[in-house]
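Each remark here refers to the structure printed beneath this line.
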Amino acid sequence: MSIQIYGFWRSIASFRVRVALKLKGLSFEEIPVDILAGEQFRPGYEAVNAERVVPTLLHDGHTLFQSLAIIEYLEDIRPEPRLLPLDPKDRAYARSLALVTVADAHPLITPRIRNHLVATFGADATAVENWGRHWTMEGLATYERLLERRAPQPFALGAEPGLADICVAGHTIAAQYLKLELTGFPVVARLSERCFALPAFLSSHPFEQPGYKATQAR
Ligand SMILES: N[C@@H](CCC(=O)N[C@@H](CS)C(=O)NCC(=O)O)C(=O)O
């Protein structure tokens, strides 16, 4: 089985797919697309991903995009270990937790939105930072309310980490970028700590990627 992903060290959506691949024990190669330098807009990449975003996954010549769809595809081709529960209600809950960041909070803080705020509305660096902090905090607060109601045991849906945990942990990376303290979100903080104690999560963290390490070595 040959798996490649087009990703970027800083990309939270790429992080989600990296963790899923690692939890499932699927080896892969990551091809970097520097989305801060605009490489997603190169015609060659647009041919691969019409949305001009990362990640894109290539599996035996087949192309997939959108991290949630990719993770569900991985679940279909490699069912164990399960990232989604079998019970329909729990499955829906896991997807709902995932979508809090995938559909609602994270899209608002992507480079294309930040660039649009600057180019169209004249936002300065402080305004863009405040925008990012606001929507990241909203996501954290939603996660805290949800996780308080159904306490992690110890992961969001039980004994093993899954889709929901991947997405919550990814959201805490956005908080880290924006230097937001998690002290106001203790349940989220504990869940994130538990996730990053696992090699699949830790080794997928943006700051563990070769692309990030290269920026530090300059
Ligand atoms: N909902 C998509 C999000 C994809 C996305 O927005 N990726 C970001 C990086 S995390 C990106 O490539 N942004 C490029 C841009 O905003 O120009 C997913 O989960 O895969």
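Using the Cα atoms of the chain to build a convex hull, what is its mean projected area in square nanometres?
On the way: hull surface 49.8 nm².
Projected over every direction and averaged, the Cα hull of the chain covers 12.5 nm².
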For this session: Output ³J(HN,Hα) for segment 68-77: one whole-Hz value per residue in order, computed from phi by the Karplus curve 6.51 cos²θ - 1.76 cosθ + 1.60 with θ = phi - 60°, and x for Gly and Pro.
Result: 5, 5, 5, 5, 5, 5, 4, 4, 6, 7
Seminar exercise, completed: Calc'd 3J(HN,Hα), segment 91-104, phi into Karplus 6.51 cos²θ - 1.76 cosθ + 1.60 (θ = phi - 60°), Hz, glycine/Pro = x, comes to 4, 5, 5, 4, 5, 4, 4, 4, 6, 3, 8, 4, 9, 9
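So, with a 1.4 angstrom probe, what is the percent of accessible area on the chain that is carbon and sulfur?
56
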Seminar exercise, completed: segment 88-202 accessible area per residue, 1.4 Å probe, protein heavy atoms, integer Å², reads 49
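Give me D for segment 3-81 in µm² s⁻¹, whole number, from Stokes-Einstein with Rh from the Kirkwood sum over alpha-carbon pairs, 4 °C and 1.567 mPa s. Numbers along the way, then the final one.
Values: Rh = 12.5 Å.
Translational diffusion coefficient: 104 µm²/s.
Using r as the Cβ-Cβ distance of Leu26 and Asp87, and R0 as 25 Å, what FRET efficiency do you calculate, to the nearest 0.05? Before the final figure, lay out each step's value.
Working: r = 25 Å, r/R0 = 0.99.
For Leu26 and Asp87, the calculated efficiency is 0.50.
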Exercise. Given H placed on each backbone N at 1.01 Å, which residues far from Thr63 in sequence or on other chains put an amide H within less than 5 Å of it?
Worked result: none
Exercise. In vacuo Debye scattering of segment 106-218, one point per C-alpha: log10 I(q)/I(0) at q = 0.21, 0.23 Å⁻¹?
Worked result: -1.15, -1.25
Problem set entry | For segment 158-218 versus segment 26-42, the gap between their alpha-carbon centres in whole angstrom | 20
Problem set entry | 5 angstrom amide H check on Ala123, placed H, neighbours 5+ away | Val118
For this session: Find which of Val54, Leu86, Ala156 sits farthest along the positive direction of the dipole of the chain, computed with +1 on the beta-carbon of Lys and Arg, -1 on that of Asp and Glu, about the Cα centre.
Result: Ala156
Problem set entry | Within a Gaussian network of the chain (alpha carbon springs, distance under 10 Å), most fluctuating of Phe196, Phe121, Phe155 | Phe121
Exercise. Pick from Ile166, Ile109, Ile12: which residue has the top mean-square fluctuation in a GNM of the chain where Cα pairs under 10 Å get a spring?
Worked result: Ile109
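The values are calculated or read from the model by the stated rules, or taken from the named source; none is laboratory data. Because the structure is predicted, anything quoted here is derived from the model rather than measured. When we count neighbours, we look across all protein chains shown, and the Cβ atoms used for this are built from the backbone with ideal geometry, even at glycine. The protein model used for the area step is the full one, side chains on, heavy atoms only, and it has no ligands, DNA or RNA in it. Shrake-Rupley method; radii C 1.70, N 1.55, O 1.52, S 1.80 Å.
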